[in-house]
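Right, one structure below, let's go through it.
The values are calculated or read from the model by the stated rules, or taken from the named source; none is laboratory data. Since we're looking at a predicted model, the values are computed, not measured. So basically every Cβ, Gly included, is an ideal-geometry build from the backbone, and we count neighbours across all protein chains shown. What goes into the accessible areas is simple: the full protein's heavy atoms, side chains included, and nothing from ligands, DNA or RNA. Shrake-Rupley method; radii C 1.70, N 1.55, O 1.52, S 1.80 Å.
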Amino acid sequence: MKFIVKYQLISWLPQLNSQVWILGIGRCISQLGIGFTLFYTTIFFVNQLEFFATSVGLALGGASVAGILGRLVASSLCDSSVCGRRRTLLLSATLSAIAAAILAATNSFALLVIGNLLLGFGQGLYWPTIDTVITDLISPSQCQDTFAVMRVMDYVGLGVGILRRC
């Protein structure tokens with residue numbers, strides 16, 4: 001009886017490549033971590049390092065602007081024969097790790113801005129490239145289901161992470 005119930009619960013999920021499910025679970029966990037820290041970033045920089053709230057907001061917003069630039073660059077890099085998808089993802093991970101180290105060591109507003117610009121650019125490199133990698137793993141008929149699963153995993157992770165902190 002337990003097997004039948006388990007099979008019925010799994011049967012409504014799309015039949016996708018196992019690599020897609022692993023990536024989806026990883027994205028869910030990543031977004032969960034972002035949700036945990038989302039609110040506390042601003043509070044930390046304002047209360048602990050005594051930066052002005054407006055300045056912190058502008059510095060954090062700079063990551064979004066840098067992310068736009070990163071997306072534009074990634075669309076060229078991931079399809080080029082010189083760089084390709086793998087090297088673009090490695091560049092994204094490297095820039096994001098450097099940005100995390102800078103943000104962890106931040107004690108001045110300039111470092112906060114630099115760290116957020118690098119982080120935004122690194123994340124901007126990631127999103128178009130990973131979506132391109134996903135399309136390499138699936139057939140065209142699975143595209144809609146796959147990207148729906150990816151977005152659900154992203155938003156479930158982010159939502160649970162934010163709710164966990166409330």
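The residues of the chain present an accessible area of 62 Å² per residue when probed at 1.4 Å with all protein chains retained. Each 10 Å bin from 0 upward holds the following percent of the Cα-Cα pairs of the chain: 10, 29, 34, 17, 8, 2, 0. For segment 12-45, list residues with backbone N below 19 Å from a point placed 7 Å from the Cα of N107 toward its Cβ? Within reach of a label on N107, which here means backbone N under 19 Å from a point 7 Å along Cα→Cβ, segment 12-45 contributes 44-45.
Under 17 Å from a label point set 7 Å out along the Cα-to-Cβ vector of Y155, the amide N atoms of segment 133-147 belong to 144-147.
How big is the charge dipole of segment 34-166 about its Cα centre, in debye rounded to the nearest 20, if each Lys and Arg gets +1 on its Cβ and each Asp and Glu gets -1 on its Cβ?
Values: 7 positive and 6 negative charges, 25 e Å.
Its charge dipole is roughly 120 debye.
Highest-first packing order for the peptide set 123-131, 19-27 is 123-131, 19-27, based on the mean count of other beta carbon atoms within 10 Å.
In plain terms, if you count all Cα to Cα distances in segment 53-131 and split them into 10 Å steps from zero, the share in each step is 23, 47, 23, 7, 0 percent. Modelled spin-label separation between N17 and T37, with each label point placed 7 Å from Cα along the Cα-to-Cβ direction: 3.0 nm.
Under the rule of -39500 (n - 2.57) per DSSP H run of 4 or more residues, summed and divided by the residues of the chain, what mean residue ellipticity at 222 nm is obtained, to the nearest 500 deg cm²/dmol?
Values: 6 runs with 134 residues, N = 166.
Result for the chain: -28000 deg cm²/dmol, rounded to the nearest 500.
Helix 53-77 axis versus longest C-alpha principal axis of the chain: approximately 50°, rounded to the nearest ten. Which stretch or stretches of segment 107-144 have amide N atoms under 15 Å from the point lying 7 Å from R86's Cα along the Cα→Cβ direction? Counting only backbone N, you get 133.
Quick check: the angle from helix 18-43's long axis to the longest principal axis of the chain, C-alpha only, nearest 10 degrees? The angle comes out near 30 degrees.
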